[in-house]
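Trainee: Encoded as structure tokens, here's the structure I'll be asking about.
Just so it is clear, none of the values below were taken in a lab; they were calculated from the coordinates. None of these values were measured; they are calculated from a predicted model. Here the Cβ is made from the backbone with ideal geometry for all residues, glycine too, and neighbour counts use every protein chain on show.
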Amino acid sequence: MPQLAADTKHRVAFHLNGRKVEVLAENRMLLSDLLRHELGATGTHVGCEHGVCGACTVQVDGAPVRACLILAAQIDGADVRTVEALTPTAQQLSPLQAAFREKHGLQCGFCTPGILMTLDALLTTRPDASEQEIREHLSGHLCRCTGYATIVAAALAAVEEIRKEQKYNA
């Protein structure tokens, strides 16, 4: 029987929510486990553990990815953002979070962090996203509480708020 390598950990250095992080991660450790259990980023929820529900969605180099489908070792050198990075300050919500609050875009809240990270990535690249684009981006997320109507309404409200901010700052 082949012997296991003595070194079963990888040194992984990356940025987490703007902060430099360096950890030793087990060979088979998932990014979701690293974030939640080693780094305390518990806003990243783990649902199905098969990449189907979208609850664990985070951003890696600006793109939404399922943290339950990527190994921690694969993010070496990357920029990782979790839902904790969305709030500009502890006392202030992002326009997207404020819209979710105002439009009741969540109920139990389990799916919300992944949805927020997907919509944040969309609105960063397409601040004038249409309802159709929003719905397409949400298609990879399962929410059993809201029926998506309030989530879409919240995303559209965030688009409107971003438009106002862009006009004001122009």
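Trainee: Averaging sequence separations of C-alpha pairs under 8 Å and six or more residues apart, then dividing by the length of segment 9-85, give the relative contact order as a whole percent.
Mentor: Dividing the mean separation by the residue count of segment 9-85 yields 39 percent.
Trainee: While we're here: I need the shape label for segment 95-169. Rule: rounded when a/c is under 1.5, else prolate if a/b > b/c, else oblate, with a, b, c from the alpha carbon gyration tensor.
Mentor: Cα axes put segment 95-169 in the prolate bin.
Trainee: Scan (i) 47, 46, 32; (ii) 59, 40, 27; (iii) 62, 36, 26 for the value of Cα extents along the principal axes in Å calculated from this model and give just the label.
Mentor: Correct label, based on the coordinates given: (iii).
Trainee: Report the Cα centroid-to-centroid distance between segment 17-58 and segment 118-152 in angstrom, as an integer.
Mentor: Each part's Cα centre sits 22 Å from the other's.
Trainee: How charged is the neighbourhood of residue 81? Take every other residue with its Cβ under 10 Å from the Cβ of residue 81, and add Lys/Arg as +1 and Asp/Glu as -1.
Mentor: In short, -4.
Trainee: Mind listing the phi-derived Karplus ³J(HN,Hα) values for segment 95-105, rounded to whole Hz, using 6.51, -1.76 and 1.60 with θ = phi - 60°, and x for any glycine or proline?
Mentor: Whole-Hz 3J(HN,Hα) from phi for segment 95-105: x, 5, 5, 4, 5, 4, 5, 5, 9, 6, x.
Trainee: Here is a follow-up. Does segment 9-85 come out rounded, prolate or oblate, given a ≥ b ≥ c as the square roots of the eigenvalues of its C-alpha gyration tensor, rounded meaning a/c under 1.5 and, failing that, prolate meaning a/b above b/c?
Mentor: Since a/c reaches 1.5 but b/c is at least a/b, the shape of segment 9-85 is classed as oblate.
Trainee: Excluding residues fewer than 8 places away in the same chain, name every one of the lysines whose C-alpha is closer than 20 Å to that of residue 103.
Mentor: Partners found: 164.
Trainee: Could you compute the longest span of the chain free of trypsin sites (Lys or Arg not before Pro) located in DSSP loops and having at most 14 other Cβ atoms within 10 Å, not counting the site residues?
Mentor: Working: sites that count: 28, 144.
With trypsin sites (Lys or Arg not before Pro) excluded where exposed in loops, the chain gives 29-143 as its longest stretch.
Trainee: Let me ask another. Can you list the lysines whose alpha carbon is less than 20 Å from that of residue 20, not counting same-chain residues fewer than 8 positions off?
Mentor: 9
Trainee: Could you give the nm distance between label points at residue 49 and residue 90, where each point is 7 Å from its Cα heading toward the beta carbon?
Mentor: Each label point lies 7 Å from its Cα, and together they span 3.4 nm.
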